[in-house]
Structures are given as structure tokens and as C-alpha cells.
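**Student:** Supplied in C-alpha cells, the structure appears directly below.
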Amino acid sequence: MFAELFQFSVLGPWILAMLFGVFVGATPGLTATMAVALIVPVSFYMPDPNTGLAMIIGVSFTAIFAGDIPATFLRIPGTPASAAATLDGYQLSKKGRGGFALTLDLYCSSIGGLVGVGLLILIAPQLAGFALRFSNFEYFWLAVFGLSMSAMVSAGNTRKGLMSAALGVLFATVGIDIVSGSQRFTFGQVELMSGLGLIPVMIGLFGVSEVLRYFFQGSATDGASIPAEDGKMNGRTVFRSIWRHRNTVGKSSVLGAFIGSLPGAGADIAAWAAYGLAQRTSKNSRNFGRGEIEGVVAPTSANNASMSGAWIPALVFGIPGDAVTAIVLGALMMYEIKPGPLIFEQNPEQIGSIFAIAALTQLFLIPCGFLGIKTFGWILRLPKGVVMVAVLIFSVVGSYALRNSVFDIYVMATFGLVGFYLESQRVPLAPMVLGVILGPMLEENLRTGLIKTEGSLLEFVNRPICMVLILLLVSTFALPRLVGRLPMKKKERSEVVSQENG
Amino acid sequence: MSGSSENPSGRSFAWVMLGFAVVVAGLSVYIPDNGFGDAADPGPKALPLALALVLGIGSGIEFWKQSRLRGAQRGENSPISSGLLQAKPRALVLLALSLCYVIGISWVGFSLCTLIVGTIMMRLLGVSWKLSLSATLTLVVLVNMLFRTLFHVPLPSGVFGLPV
């Protein structure tokens, strides 16, 4: 079975699909979900089911990684899961270390994916059983935990970070209220009834605002110009960095796999949660948002790990962990693989193939990812004016492409102006994106939970998993403050002082 | 003795947030409650009102902080806000062109609008005419091939109904 995967008839389409995933993921406005949806019909023409499965699994992992390429070089997340990578990846890119950041990103994605696959193989049924114990109350606290990250990713300005998060949650209320069916802030516009699209909002906040900043700053130093020598990446430096931050890689991968296993919580939430946790537990937390390597390592490990985690409830219960897995489940049924508790007994060979394909994909990700990084890096050596106008054009097309809606272009432009203004006031944008992603999850689960308990809040605090989440929340805020009050050793104190003095 | 001048940028931000909070609160009051919910459900207005309150409190704190700052500490205009205050005409023209592009794309069509506006913008950013035109043309062809041909995304063709 394993040897069959290395036949050219399987390997060829597999690699081509992964290259397609790199291309789609790196194009703003095209999502990993879209990449998988486009590859599924093609995969049906393959004579061997293994080929079809390999194409589908391969494209999903590479698209998630590839979204980090424009996020790092241009500050435009290629996919929602890459938004966290813009914070430190782009800052490294401005220092001429974009290639290094992306190489690190690539290896961490591969490692994160392997950890996720390992967990999938070892403990899929147990983890799935645990994931199913999550109900409205647990999801509510998970959303609160995620939103609390907004205070952590605010680069020292907690108040403005929380205001930014509040704005994000507010923007997420636009549309039809899912509980009562009421229209909120739609102003009679049909296009607003389904809410503001996450992609146009993200592209506007990060990409268009950056273009506007370039217009107003002229040929200022910031911007993602890629020096020619940046292409020569020292593998030893990268591996040394990964080894130095191996704890962060490990923690983020496990967290990502766990969050991915929760139905409805996807790679974007996993990436932000890992970023916030890494910042909170790092000795260099002050450097986050300024090109800190841990800020690249954490989200990139988590988002690929979450793709593996999403398979856990999908295989064991037939409940997809995210939109990508939902499409893949449909494809599995076409191959007569029926997800469910008996899948490991009834389809052991196909399950083995899926595990092997998922693991090998993480290894093939590396050469495919390098190709994507080199290609993008070459493009960015063009004059800055050409690159920025190209960014604007792709931002417009990317916003339009998802729903074929000109209205989404207006949304993108509006948020471009909003992002430009807020950044001029030193308001961080990352919490706003978190608010847009987690706001609906927070509100829906709170209100549904209250309806279930007839208004009682007790159920939100007396369930075991809720108590654990509350404890995690309190400890991530309280612990660093308590540690900060402990007397520092002289050497540590001088290190902190020298860091602060830059 | 005590510098009492404040950061105009900081205060204006506080005013903007406060104004936004008031508008949101005002609009939230008119959100209809269709009655499909439950007595225990706080309703569709609750969250927007709560968030308006958070923004109002945040802007209040911002006002307070600005009033406490001394003159020397307040000069923290970011490079961007300095850029806004003394915006070059070229930057404003580029901004206007960007807005024209966004609005005009559905009227003129994606390809023609991109070709015209993209070339002018690149030229304004210091790129030569030859490179501007060839780069924009390449981008238009590339986007059409990718999105229209490969992904079957019907790009706006404008009121002229141009084939590209």
C-alpha cells in the first residue's frame, strides 16, 4: 500500500495538485476551501482512488501554508488562517529577512502537520470523543479565550487592542441575526444580509491599508523589498532557530491539532490562539509584532496541525472540523469510504492510505513551498510602484472573486480606509480580525446557551471543561504578572534592559 | 510649567470613537426584534449596545489619558499621521485614483479600468511609461486568464459590455 503511493501515476497528479494549492493559497481572495473544491471534480477522473485522495489532501495542506507567502512579503493574508503570520512575518520581511521567515514558516508548517497527523493516528477516537463533549457553553468560553488574545497581541496597548476587538465583534453583527432572524445594520441592502465577508475585510485592513501607507509615505523605508541576497537562505540558521524554539513548535502544533478537532473551529482560530499563547509564555513577549521569530513559528505550526486535527471528528463521527474537511468528506463518500465509529474496522486499508498520504504530504510540502517562495520573491524584485499597484489590483479582484460581488470591493475599500486611519492612531488591527472571526461564535453560543438554561448563567461555569477554560483564561492573564513580580536574577534583568533599549 | 497641550491626533481619535459609539447605540435601538427568540434570549440589540458602551468607555478613557499627558510626551504623531497632516498632492491624487478605480470598475469594466488607472498610478509612483503600460497589460491578461478562464469568475464588464 505504501509503495503504491510512490508510483508515477499517483505521485505526478499529487505534486501537481500541491503546486496548484500553493498558487491558490498565495493568491489573496482565493481560499483553501476553494482550492479543494476545484480539485475534487478533477480527482474523480483519476483511475486510482489513492490518486484522488492524495490530490485532495495535498492541495488542502499546501494552500494553508501558501497563504503565508503574501502575508509575509506583502502583508496581505492569502487565506484567513494566515492573518496571524502577517504580524511578525511582514516585520521580518521589512528587515530583509522575508525569505528566512518563510523558510522557517515552511518547516514549521511541515512539522506542525506531522505532529497533527501523529495525533490523528494515535488518538483519533479518544480526541473525537472529547471534542464531542463541547457544547454551547464550552464554545462560548473558547471564543472568550480567543478574544482575550486580542489583549495579548496588542503590542503593549491593551486598551486600544480591546477597542479594536470590540469594533471587530461589532462589524461581525452586521447581517441577519442567526438566533432571532432580525436584520442588524443592513440599511435595506441585500448584500449586507449575509454580513460583511471576512476576506474583503481582511484584504482591506491589511493589504489596502498598506498600499495607502505607501502612497502617503512615498519611498519610505518600510515595505517588503526583497534584497537579492535574501534568497540565499542558510539552512543551518533555520534549523538552529527551530531547535531553539522547539517548545513553541511543539506546544503550537498540539494546540492547533486540538482546536482543529473542534467542529467549527478552523485553522484561523488555531493560528491566533497559538500566537497569543506563544506571546504570553515567551521571554521575548515585548518583541512580538516587531519581527519576533516565535511570532512566525507559533501560528504556522498551529494552522497546519489544525488541518490534521480537523480530520479527527470527520473520520470518527463524520462531523467535519472545518469547511475544507466538509468538502473532503463528500469526496470520501464518492470513494465509498463511510466515516463513522466503525471506519477503522471496515476500511483499514483506506484509512492507512489516508494517514500515509497526510504524512507524506508534509514532506512534499517542503519542495513545493520553496518553489512558491522563490517565485514570489522573484516577482517582488520589480519596482515598488509596480508591486503596490499589483497588490491593489489583486486585492480588488480577490475581494470580488469570492461572491462575484462588486459590493465586496466597496467593503474592501472601506476597510482599507478604516485600517489606514486606525493604524495612524496606533490602533492594532489584529484584534479587529479576531473580533470578526470570533464574534459570531461568542454571541451565538452565549444566547443559545442562555435559551437552553432559561437564562441561568450557572451552566456556563459549573461544567468541567468550562472550568478548565476559565482557569486557562485566568492563568494566561495572571501568571505572567505574578512571575513579573518575582525578583529577577541580575543577568536576566540586564537582558531585559538591553532588549528594551533595542 | 506643566505642558498642557494635548495630542490633537489622540483627542480626535477619542471623538471619532465616541461619535461612532453614539451612532451605533442609536441605530441599535431600532433593530427589530422579530419575536422568534426566547424570553431568556437577551435579543439582537444586546451585543451591539454592549459594544457601543465599551467603545464609549474606551473613548472616555482616551480623553482622560490625553488630558493627563504633558506637552513633550504628546508629540507622538506617527509617520502616517504626520503624512496625513502634510499630505503630498501626489498621495491625494493616488488616493483619489484608487477610489475612482474601485467605483469605476463596475461601470467601465475590469480590464479597461485597470489598464487606464493602473498605468497612471504606476507612472505617478515613478515607474516609466513603457514599464507601467507593459506591467499593467500583463496584469490584466494574467488576471483574466486566472480568474475568468481558469476559475470561471465573471469579472465586471461594465456598462459598455466589453468582452474583456
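The values are calculated or read from the model by the stated rules, or taken from the named source; none is laboratory data. Computed from a predicted structure; not experimentally measured. Heads up, the Cβs are rebuilt from the backbone with ideal geometry, glycines too, and the neighbour counts pull from every protein chain shown. Calculation scope for accessible area: heavy atoms of the full protein, side chains included, ligands and nucleic acids excluded. Shrake-Rupley method; radii C 1.70, N 1.55, O 1.52, S 1.80 Å.
**Student:** Toward the positive end of the charge dipole of the protein assembly as shown, about the Cα centre and with charges on Cβ (Lys, Arg +1; Asp, Glu -1), which of A:ALA32, B:ALA40, A:ALA54 goes farthest?
**Tutor:** My answer, from the dipole projection, is A:ALA32.
**Student:** How large is the helix-only mean residue ellipticity at 222 nm for chain A, computed as the sum of -39500 (n - 2.57) over DSSP H runs with n ≥ 4, divided by its residue count, in deg cm²/dmol to the nearest 500?
**Tutor:** When only DSSP H runs of four or more count, the value is -23500 deg cm²/dmol.
**Student:** Hey, another quick one. Provide, in order from the shortest bin, the percent of all Cα-Cα pairs of the stretch A:352-417 in each 10 Å bin, continuing until the bin that contains the maximum pair distance.
**Tutor:** 18, 26, 26, 23, 7, 0
**Student:** Rounded to two decimal places and with Rh computed the Kirkwood way over Cα pairs, what is Rg over Rh for the stretch A:38-147?
**Tutor:** Reported Rg/Rh, Kirkwood definition of Rh: 1.07.
**Student:** Please average, across the residues of A:157-168, the number of beta carbons from any other chain that are within 10 Å of each residue's own beta carbon, and give a whole number.
**Tutor:** Other-chain Cβ atoms within 10 Å of each residue's Cβ, averaged: 4.
**Student:** Starting with the highest mean, order B:21-32, A:400-411, A:74-85 by the number of other Cβ atoms within 10 Å, averaged over the residues of each peptide.
**Tutor:** Top of the packing list down: A:74-85, A:400-411, B:21-32.
**Student:** Separate question: How large is Rg/Rh for the stretch A:264-323, to two decimals, with Cα atoms and a Kirkwood Rh?
**Tutor:** 1.12
**Student:** Other chains' Cβ within 10 Å of B:50-58 residues: what's the mean?
**Tutor:** Mean shielding by partner chains, rounded to a whole number: 5.
**Student:** Below 8 Å, C-alpha to C-alpha, sequence gap of six or more: please give me the relative contact order for chain A in percent.
**Tutor:** 26 percent
**Student:** For A:TYR335 and A:GLN126, calculate 0.36 nm times their separation in residues minus their Cα-Cα distance, and state this gained length in nm to one decimal.
**Tutor:** Stretched fully, the A:TYR335-A:GLN126 segment lengthens by 72.7 nm.
**Student:** Using a 1.4 angstrom probe, figure out how much accessible area chain A has per residue, in square angstrom, rounded to the nearest whole.
**Tutor:** In whole numbers, chain A has 37 Å² accessible per residue.
**Student:** Could you work out the Rg to Rh ratio of the stretch A:96-218, with Rh taken as the Kirkwood radius (inverse of the mean 1/r over all Cα pairs)? Could the numbers behind the result be given before it?
**Tutor:** On the way: Rg = 19.9 Å, Rh = 18.8 Å.
In the stretch A:96-218, Rg relative to Rh is 1.06.
**Student:** Give me the dipole magnitude in Debye, nearest 20, for the stretch A:271-390 about the Cα centre, with unit charges on the beta carbon: positive for Lys and Arg, negative for Asp and Glu. Spell out each step's value before the answer.
**Tutor:** Working: 8 positive and 6 negative charges, 166 e Å.
The calculation lands at about 800 debye.
**Student:** Tell me, in nm to one decimal, what length is gained between A:GLU459 and A:ARG240 on full extension, where the rule is 0.36 nm per residue of separation less the Cα-Cα distance?
**Tutor:** Working: separation 219, 0.36 × 219 = 78.84 nm, distance 4.72 nm.
Contour length minus the Cα-Cα distance gives 74.1 nm.
**Student:** Same structure again: With label points built 7 Å along Cα→Cβ from the Cα atoms of A:ARG290 and B:ALA40, find their separation and express it in nm.
**Tutor:** If labels sit at A:ARG290 and B:ALA40, their model points lie 4.9 nm apart.
**Student:** Over the Cα atoms of the stretch A:429-471, how large are the radius of gyration and the largest Cα-Cα distance (Dmax), in Å?
**Tutor:** 12.6, 37
**Student:** Buried accessible area between B and A (1.4 Å probe, both chains summed, ligands and nucleic acids excluded), in Å² to the nearest 100?
**Tutor:** Details: alone 11740 and 21640 Å², together 27670 Å².
Roughly 5700 Å².
**Student:** Which three semi-axes in whole Å describe the equivalent ellipsoid of chain A, each the square root of 5 times a Cα gyration tensor eigenvalue, listed largest first? Don't skip to the answer; put the middle values down first.
**Tutor:** Numbers: eigenvalues 195, 162, 126 Å².
Each semi-axis is the square root of five times an eigenvalue, giving 31, 28, 25 Å.
**Student:** Please list 3J(HN,Hα) in residue order for the stretch A:176-191, calculated via the Karplus relation 6.51 cos²θ - 1.76 cosθ + 1.60 where θ = phi - 60°; whole Hz, with x for glycine and proline.
**Tutor:** 8, 5, 6, 8, 9, x, 6, 8, 10, 6, 8, 6, x, 7, 4, 5
**Student:** Could you give the dipole magnitude of chain A about its Cα centre, charging the beta-carbon of Lys and Arg +1 and that of Asp and Glu -1, in debye to the nearest 20?
**Tutor:** Using Cβ point charges on Lys, Arg, Asp and Glu, chain A gives about 1940 debye.
**Student:** Among A:188-201, A:8-21, how do they line up from the highest to the lowest mean number of other beta-carbon atoms within 10 Å?
**Tutor:** Answer by packing, highest mean first, reads A:8-21, A:188-201.
**Student:** Let me know the mean shielding of A:200-213 by other chains, meaning the per-residue number of their Cβ atoms within 10 Å of its Cβ.
**Tutor:** Average neighbour count from other chains, rounded to a whole number: 1.
**Student:** Which value in Å is the Kirkwood Rh of the stretch A:261-396 over different Cα pairs?
**Tutor:** In the stretch A:261-396 this quantity evaluates to 17.8 Å.
**Student:** While we're here: Taking R0 as 35 Å, what FRET efficiency do you get between B:ILE103 and A:LEU473 from their Cβ-Cβ distance, rounded to the nearest 0.05?
**Tutor:** Approximately 0.20, to the nearest 0.05.
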